[in-house]
Each structure stands twice: as structure tokens, then as C-alpha cells.
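Down below is the structure, laid out as C-alpha cells.
The values are calculated or read from the model by the stated rules, or taken from the named source; none is laboratory data. Note that the coordinates shown come from a computational prediction; the quantities given were computed from them, not determined experimentally. With ideal geometry, Cβ positions are generated from the backbone for all residues, glycine too; neighbour counts draw on all protein chains shown.
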Amino acid sequence: MLHRTYFHKNKKFTALITGCDLIATGCYQAFNDHGLRCPDDISITGYNDIPLGAHLKPTLTTIRTPRYETGAEAAKMMLERLNNPDASPRWVKFPPSLVVRESAAPPKF
């Protein structure tokens, strides 16, 4: 959660990128408590694309990673490892995608 003193240092910022959508939803309330409106005063972006994000007001801009594909590949890698414990580890990367919704906007100076 945002530390209370951060708002009292006259810091000017226009956006907050959070580590997960649940943190971003908590920021909605914290900013509201300090008289800031999203995205008019500050943009908020989450990560994970949980279903709740599409139902918030404003809807949450987020980063989406392919959950099904990630889980399926993890299961496949685990089975490969169980069948061949001496196999070299391998890395798999899945490209994230930006889901633009209402919580992010260009800064208003």
C-alpha cells in the first residue's frame, strides 16, 4: 500500500505501475482518499489481468500473460523432468500483452 508520507512530500507523479492487479485495486481507494481521481490525476496499471479489473470503475489497464499456456508448459516441463531427472533445465518465455482500459491516460500538465 502507498505510504502516507509519500503524499505529503509534494512529489509530482502521473502514473503508478503495480506488481499485480490486486495492489492496483487498493491504490484506487488510496488515491481517492487523498483526493486524486484515476485517470484524471494519476494513471494506474496492474499486472495479471484478473477478471475483476474489467469490472472496476474505471476499468483497470493491465499486463496480461498467457495463464493457460504457462500452466500447460509448466506441467509439460515437470513431466519431462520426472521422466529424465538428468535433463538440462530449459527456459520458456511467453510474451506479455498490454490490455489498455480506462485507468491509464496521457498526463495532463
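Among the residues of region 64-87, the one identified as part of a helix (DSSP H, G or I), among the small types (G, A, S) and more than 24 Å from G53 (Cβ to Cβ) is A75.
Could you please let me know if R37 is at pLDDT 95 or above, basic (K, R) and within 21 Å of the chain's Cα centre (by Cα)? No: the conditions fail for R37. Within region 47-69, if we keep just the residues that are surrounded by 12 or more Cβ atoms within 10 Å (Cβ to Cβ) and hydroxyl-bearing (S, T, Y), the residue that is farthest from L22 (Cα to Cα) turns out to be T65.
When region 33-46 is filtered for residues that are surrounded by 12 or more Cβ atoms within 10 Å (Cβ to Cβ) and not aliphatic (A, V, I, L, M), the ones remaining, listed by number, are H34, C38, P39, D41, S43, T45, G46.
A Cβ distance below 7 Å, combined with a sequence gap of six or more or placement on separate chains, defines the contacts here; from region 82-105, residues that are without any contact (Cβ under 8 Å) to a residue 60 or more places away in the chain and more than 30 Å from G46 (Cα to Cα) reach residues that are outside any loop (DSSP other than H, G, I, E, B) and among the acidic types (D, E) in the pairs A87/E80. In a residue-by-residue description of region 73-82, the property of being closer than 27 Å to K12 by Cα, acidic (D, E) and surrounded by 10 or more Cβ atoms within 10 Å (Cβ to Cβ) applies to no position. Across region 88-102, the number of residues qualifying as within 15 Å of the chain's Cα centre (by Cα), in a loop (DSSP other than H, G, I, E, B) and not β-branched (V, I, T) comes to 4. Within region 33-50, residues that are closer than 29 Å to T65 by Cβ and touching a residue at least 60 places away in the same chain (Cβ under 8 Å) have Cβ atoms under 6 Å from residues that are crowded, with 19+ Cβ neighbours inside 10 Å and among the β-branched types (V, I, T) in these pairs: C38/I44, counting only partners at least 6 apart in sequence or on another chain.
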